[in-house]
Amino acid sequence: MDARAIEQVVIDNASTVLAVDPATLSSTRTLTELPTFSSFRVVDIVERVEQSLGVEVDAALLTPDNLHDLAGLCGVFLRTAGLAAGERDGSRR
């Protein structure tokens with residue numbers, strides 16, 4: 001699965017859990033700005049994405065900095081899949 005597909009899985013699951021459309025989710029600076037956001041919901045998002053992708057995120061990646069916005073959440077799953085920034089083009093560092 002490529003980076004864009006992983007990001008789409010994160011967006012789809014987050015928008016479902018938070019009951020917002022993907023455009024609203026993508027334009028939100030931090031997830032805490034959304035009235036439906038809570039720490040329980042972010043756990044639900046992570047669990048759903050893990051299940052969708054068939055992966056388990058390393059607990060060390062589950063930090064507040066990685067879980068407060070959409071980019072952070074996507075980054076967690078891209079790193080878990082080995083597709084972090086420098087690895088997207090196939091040149092692993």
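Points to keep in mind about this one:
- Accessible area of the chain belonging to carbon and sulfur atoms, whole % at 1.4 Å probe: 51 percent
- Cβ crowding within 10 Å averaged over residues, with 49-55, 74-80 ranked highest first: 74-80, 49-55
- Its DSSP H runs of at least 4 residues, each contributing -39,500 (n - 2.57), put the calculated 222 nm mean residue ellipticity of the chain at -16500 deg cm²/dmol, to the nearest 500.
- Computed over neighbours whose Cβ is under 10 Å from that of residue 31, the net charge equals 0, Lys and Arg +1, Asp and Glu -1.
- Shape category assigned to the range 1-49 from the gyration tensor of Cα positions, a/c cut at 1.5: oblate
- Phi angles across the range 68-81 convert, under the Karplus curve 6.51 cos²θ - 1.76 cosθ + 1.60 with θ = phi - 60°, into 3J(HN,Hα) values of 9, 8, 5, 4, x, 4, 4, x, 4, 7, 5, 5, 4, 7 Hz, Gly and Pro given as x.
- Charge tally in the Cβ shell below 14 Å around residue 63, where Lys, Arg are +1 and Asp, Glu are -1, residue 63 excluded: -2
The values are calculated or read from the model by the stated rules, or taken from the named source; none is laboratory data. What you see is a predicted model, and the numbers here were worked out from it, not measured in a lab. Counting neighbours? That spans all protein chains shown, and the Cβs are built from the backbone with ideal geometry, glycine included. Each accessible area value is taken on the protein alone, full model and side chains, heavy atoms only, with ligands, DNA and RNA left out. Shrake-Rupley method; radii C 1.70, N 1.55, O 1.52, S 1.80 Å.
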